[in-house]
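Heads up, the thing below is written out as structure tokens.
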Amino acid sequence: MYRNKPLLPDNPRILVVRTDRIGDVALSLPVFVSLRKAYPTAFIAALTRTYTRDLLVGRDDVDLVIDFPADSPHVPKQWYASLKEAIASQKFDAAILLFSNYSVARLIKAAGIPVRIGPASKVAVWFTLTHAIRQRRAKGTRHEADHNLDLLTPLGVAPVRDGRIPLPDAARRTFGDGSDRGVVGLHPGHGGSSQNWPKASYVALARRLADDGYRAVVTGSSAERALVERIVTDARVGADERVAARIEPFVNTGGIGDLLAVLAGLDVFVASSTGPLHLASAVGTPVVGIYSPVFVCLPERWGPIGPDDVALVPPYGPCRRCVGARCPHHDCMTSISVEQVCRAALSRLADRRAA
């Protein structure tokens with residue numbers, strides 16, 4: 001029991017705050033599940049950025065989404081007053097800040113929320129909270145989803161490590177004519193926080209899958225169109241018409257809902273540590289994650305959390321940071337072979353078909 005457990009009404013009004021990236025919001029979904037289980041009749045709201053709001057709209061554990069347009073997790077000055085008014089009007093009993101951000105912490109305090117829970121990782125944020133929780137996330141030995149759930153401790157809420165996004169079967173995108181042995185998604189894009197698997201490896205994997213009768217769908221955002229098209233083109237080189245047809249691009253020009261429909265229609269998804277990887281896991285598609293050995297990027301902190309997911313890491317490190325060519329293993333991502341990734345993907349596909 002937390003020593004200073006706040007007293008909330010039987011039907012509390014709770015605001016959960018996460019304003020960073022898609023993957024971070026996806027790994028925050030267990031918080032909403034846990035709160036709804038603990039407080040079935042509570043009013044639960046989310047504060048997030050506009051580009052991630054579709055992950056939260058329509059969930060039975062989220063009653064309201066308050067969002068703002070911004071290119072960073074920080075609250076823009078021009079939105080501060082209106083957000084403060086919108087939050088204050090809801091008369092929340094408690095707010096849970098899922099990561100350390102002074103602009104957001106200052107906002108929820110100014111909005112008059114009496115109980116404010118968050119990580120005690122920055123002094124400025126600490127002074128805006130009523131319940132500051134020591135976490136040491138930078139050590140990377142505990143998963144981000146569990147760090148999020150730890151912030152429910154002051155409320156006495158039992159953690160439920162369930163981040164699923166329910167989708168009806170009718171919402172799932174289908175590929176091909178059903179004659180393929182299975183559909184594997186490949187996501188070569190990357191946020192740039194660490195090394196990615198080589199483009200040539202994605203090309204070789206797509207061709208290997210197509211040669212063996214599987215459909216390879218190469219995915220990416222509008223900004224990644226050139227990368228997606230290049231990998232598809234290179235993978236089709238020298239292939240006969242039937243094999244080439246099994247390698248296709250999907251560039252997401254719609255919203256998160258369109259991406260979720262595609263990810264749910266795949267049998268397996270292969271990607272580095274990106275938002276789409278966590279979304280695929282959340283809709284129930286088995287994931288093969290490809291991770292660099294840099295300490296703060298390891299799957300122990302950022303890996304997929306689905307029961308059928310796996311994360312592959314080079315057999316070096318962990319490294320405190322990447323020093324490039326100064327490292328004797330600077331090309332470490334090539335140590336994760338196409339054969340290794342293909343074997344992991346097809347193993348998950350076989351398990352899914354057998355279930």
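Being outside any loop (DSSP other than H, G, I, E, B), within 24 Å of Trp302 (Cα to Cα) and of a type outside the set (D, E, K, R), is that true of even one residue in region 34-42? Scanning region 34-42 turns up at least one residue that is outside any loop (DSSP other than H, G, I, E, B), within 24 Å of Trp302 (Cα to Cα) and of a type outside the set (D, E, K, R). Evaluating Gly118 against the criteria (1) closer than 15 Å to Ile14 by Cα; (2) in contact with a Lys or Arg (Cβ under 9 Å, 6 or more places away or on another chain); (3) not in a helix (DSSP H, G or I) leaves one unmet condition, (2). The single condition among (1) modelled with pLDDT of 95 or more; (2) closer than 23 Å to Ala26 by Cα; (3) outside any strand (DSSP E or B); (4) of a type in the set (Gly, Ala, Ser) that Gly220 does not meet is (3). Scoring Ser72 on the criteria (1) within 18 Å of the chain's Cα centre (by Cα); (2) in a helix (DSSP H, G or I); (3) over 26 Å from Val160 (Cα atoms) leaves a single failure, condition (2). Scanning region 264-283 for residues that are assigned to a helix (DSSP H, G or I) and within 13 Å of the chain's Cα centre (by Cα), we see that the one that is nearest to Leu312 (Cα to Cα) is Leu277. For the criterion of being crowded, with 20+ Cβ neighbours inside 10 Å, part of a strand (DSSP E or B) and among the hydrophobic types (A, V, I, L, M, F, W, C), Val25 fails.
When Ala95, Ala110, Ala138, Ala105 are screened for being surrounded by fewer than 16 Cβ atoms within 10 Å (Cβ to Cβ), over 21 Å from the mean Cα position of the chain (by Cα) and either polar (S, T, N, Q) or outside the structural domain of Ser221 (by TED's automatic domain parsing) (or both), only Ala110 passes. Cβ separations smaller than 7 Å between residues 6+ apart or across chains give the following pairs from region 128-154 residues that are assigned to a loop (DSSP other than H, G, I, E, B) to residues that are polar (S, T, N, Q): Gln135/Ser121; Leu152/Ser34.
Residues to consider are Val57, Val65; find the one that is without any contact (Cβ under 8 Å) to a residue 24 or more places away in the chain, in the same structural domain as Leu129 (by TED's automatic domain parsing) and in a strand (DSSP E or B). Break it down into steps so the answer makes sense when it comes.
On the way: Val57 fails: in a strand (DSSP E or B).
Only one candidate qualifies: Val65.
For region 322-337, state whether one or more residues are surrounded by fewer than 18 Cβ atoms within 10 Å (Cβ to Cβ) and touching a Gly at 6+ places or on another chain (Cβ under 9 Å). Yes, region 322-337 contains a residue that is surrounded by fewer than 18 Cβ atoms within 10 Å (Cβ to Cβ) and touching a Gly at 6+ places or on another chain (Cβ under 9 Å).
The values are calculated or read from the model by the stated rules, or taken from the named source; none is laboratory data. All values derive from a computational prediction rather than experimental measurement. All Cβ positions, even for glycine, are placed from backbone atoms using ideal geometry, and neighbour counts span all protein chains on display.
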